[in-house]
Amino acid sequence: VGRQATPAEVKSWDIDVRPDFKGLPKGSGNVERGNELFEEKCASCHGSFGESNEVFTPLAGGTTKDDIKNGRVKGLSSGELPQRTTFTKVATISTVFDYIQRAMPWTSPKSLKPDEVYAILAYLLNLQEIVPADFVLSDKNIADVQKLLPNRNGMTTEHGLWPGAAAKKGG
């Protein structure tokens, strides 16, 4: 049924960004431009500062300087978090980039240019106090930013759903 996809059609959908950053497009964006874009394209669903507007859960908040230093969000295991946010949960920056690139804005998925995705992500990272207000996020420095994510050491394979220690033990 149907026809074989053309190489151009496959390429247009082959936009995933892996944790090793394979698939990451070239580009850059700064916090200030990200703020403008966020207000224009994201705030109606996510609130002006990623705090939520009762449609979706908050994007930012819930982490401390110690979480950024240690790479594990203490509030997740202690139960002190009143509500989880994107940055309390996510362990890889590529996941956030990939999701914004392919699914946002909700009313027009895949409509953002790479520079816009970098800018919006830079803005979110600034809201989370991971990067300063004058920061420019790019394909050249995103791996360095990965080392600052508050929950970068929070991923586990102990559930046995992915290859890892628990899967090898059979549990």
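The set of residues in region 90-125 that are among the polar types (S, T, N, Q) and farther than 15 Å from LYS147 by Cα comprises GLN101, THR107, SER108, SER111. Among the residues of region 35-82, those identified as among the basic types (Lys, Arg) and over 14 Å from ILE120 (Cβ atoms) are LYS65, LYS69, ARG72, LYS74.
Please go through region 76-96 and pick out each residue that is more than 16 Å from ILE130 (Cβ to Cβ) and in a helix (DSSP H, G or I). If the condition is that a residue be more than 16 Å from ILE130 (Cβ to Cβ) and in a helix (DSSP H, G or I), then LEU76, SER77, SER78 are the ones that fit.
Residues in region 93-137 that are open to solvent by 20 Å² or more (accessible area, probe 1.4 Å), over 21 Å from THR63 (Cα atoms) and in contact with a Phe, Trp or Tyr (Cβ under 7 Å, 6 or more places away or on another chain): none. Against the test of being among the acidic types (Asp, Glu), outside any loop (DSSP other than H, G, I, E, B) and without any contact (Cβ under 8 Å) to a residue 12 or more places away in the chain, the options GLU32, GLU51, GLU39 yield a single qualifying residue, GLU39.
One residue stands out in region 49-75 among those that are within 17 Å of the chain's Cα centre (by Cα) and polar (S, T, N, Q): the one that is nearest to GLU129 (Cα to Cα), namely THR63. Scanning region 27-59 for residues that are open to solvent by 30 Å² or more (accessible area, probe 1.4 Å), in contact with a helix residue (DSSP H, G or I) (Cβ under 7 Å, 6 or more places away or on another chain) and closer than 25 Å to LYS147 by Cβ yields SER28, ASN30, ARG33, ASN35, PHE49.
The values are calculated or read from the model by the stated rules, or taken from the named source; none is laboratory data. Not measured: the values here are computed from a predicted model. Ideal geometry is used to build each Cβ from the backbone, glycine not excepted, and the neighbour counts take in all protein chains shown. Side chains are part of the model used for accessible areas, which takes the heavy atoms of the whole protein and leaves out ligands, DNA and RNA. Shrake-Rupley method; radii C 1.70, N 1.55, O 1.52, S 1.80 Å.
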